[in-house]
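For reference, the structure is listed below as structure tokens.
FYI, it's all coordinate maths here, none of it is from the lab. Since the structure is predicted, the reported quantities are computational estimates derived from the model, not experimental observations. No Cβ is skipped: glycine too gets one built from the backbone with ideal geometry, and neighbour counts run over all protein chains shown.
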Amino acid sequence: MLTAENVSKSYSSVRAVDGLSFEAKPGEIFGLIGPNGAGKSTTIRMIMNIIAPDSGRILFDGKALAEEDKARIGYLPEERGLYRKAKLGEVLEYLAAIKGADRIEARASIDAWLERFGLAEWKNRKVSELSKGMAQKAQFIGAVAHKPSIVLFDEPFSGLDPLAQDEILAAMVELREKGATVFFSTHIMEYAEKICERILLMDKGKEVFYGSMAEIKAKYGRNAVLLEFDGDGSFVAGLDCVASVNAYPRWIEVELKEGTDPDILFTTVAGRLRMRRFETVAPSLHKIFVNLVGSAVEADHA
């Protein structure tokens, strides 16, 4: 169990983290989400004891992090830190060794991950020869090869193409299924919505929402429709029944005004667009995030 109790951290006059409290449980994927500069990396660095909180405390199974606990933690930092002049396999074996992993078991684990991520033929190549995406996969392996019970990933999808992103998502789900506590930060809501049981949404160092995905949808979800079509749908945003839209080239997420029947929207647009999909949905986490954080920004400006 990873627990934070009223944790705060300031840099000079900037309050990077302001009174955060949360817990991440074994066998759970917990998402720390928010825009760039929200305080996510500072929070993870405090968890890892890289920096100390100004106030509050962080606990592992009810006690402060001890030296012997570090072997059961895996960490992928936002800043990449592989040894570029060394061979990939040697670097990964070294990272596992400093976590106390058995050499033979670690080598087998590393080989399995390299094969899974399509990097087996690069094992004896220098890290400097890897592409950015390959290096990101390699650093993921370095965080998990020693089979930790708690894994912390800071923006793990950086530099990855869509296929590699899906590979990492699947690997994170597998770690959770094996009982690990999976804790990761991201500013991309789609990833959190796909795999997180619970989230902490933060902005400017403060909690905006903390709870399960079901709870945030129930609390902040509104009357929404997913509309996929051919044609020019720019007029939809101006309809009387529409509160707001997230627009893309061939589909839009429409938030209807309170009390509006979705049939009204369907009747209005059916004669003007070639409809491919019209589905009443809970609004996406992205949409909820924009509503919550956008409202906070407007309040600050006011």
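Convex hull volume per residue, computed on the Cα atoms of region 222-281, equals 68 Å³.
The charge dipole of region 84-234, taken about its Cα centre with unit charges on the Cβ of Lys, Arg, Asp and Glu (plus for the first two, minus for the last two), comes to roughly 720 debye.
Whole-percent P(r), region 52-164, all Cα pairs, 10 Å bins from 0: 14, 44, 30, 12, 2. With respect to the chain, whose longest principal axis is taken over its alpha-carbon atoms, helix 103-116 is tilted by about 30°.
Each of Ala214, Trp251, Leu200 was placed along the dipole of region 195-269 (beta-carbon charges, centred on the mean Cα), and the one lying farthest toward the positive end is Leu200.
Using only side-chain charges placed at the Cβ, +1 for Lys and Arg and -1 for Asp and Glu, the dipole size of the chain relative to its Cα centre rounds to 800 debye.
Think of each Lys and Arg Cβ as +1 and each Asp and Glu Cβ as -1; about the Cα centre, that makes the dipole of region 222-281 roughly 180 debye. A Förster radius of 22 Å, combined with the Cβ-Cβ distance separating Ile50 from Ile195, puts the computed FRET efficiency at roughly 0.30. Averaging over all projection directions, the Cα-based convex hull of the chain occupies 18.5 nm² in the image plane.
Residues in region 57-67 carry Karplus couplings, in order, of 8, 10, 10, 10, 6, x, 9, 5, 4, 10, 4 Hz; the curve used is 6.51 cos²θ - 1.76 cosθ + 1.60 with θ = phi - 60°, and Gly or Pro positions show x. Taking a 28 Å limit on the Cα-Cα distance, which of the listed pairs Lys126/Lys147; Lys132/Lys217; Lys63/Lys85 fall beyond it? As for pairs spanning more than 28 Å Cα to Cα, those are Lys132/Lys217; Lys63/Lys85. Ellipsoid semi-axes for region 162-262, based on the Cα gyration tensor and the rule √(5λ), read 31, 19, 12 Å when sorted largest first. Karplus-derived 3J(HN,Hα) values for region 7-22, using 6.51 cos²θ - 1.76 cosθ + 1.60 with θ = phi - 60°, are 8, 9, 8, 10, 10, 6, 8, 9, 8, 6, 9, 10, x, 7, 9, 6 Hz; glycine and proline are entered as x. If you average the C-alpha positions of region 28-68 and of region 135-165 separately, how far apart do those two centres end up, in angstrom? The distance from the Cα centre of region 28-68 to that of region 135-165 comes to 18 Å. In the chain, the DSSP-assigned H stretches of four residues or longer account for a calculated mean residue ellipticity at 222 nm of -10500 deg cm²/dmol, using -39500 (n - 2.57) per stretch and the full residue count as denominator.
Which longest run of the chain has no exposed loop site in it, a site being GluC sites (Glu not before Pro) in a DSSP loop with at most 14 other beta carbons within 10 Å, and the site itself not part of the run? Of all site-free stretches, the longest is 80-257. Relative to the longest principal axis of the Cα atoms of the chain, the long axis of helix 88-97 lies at roughly 80 degrees.
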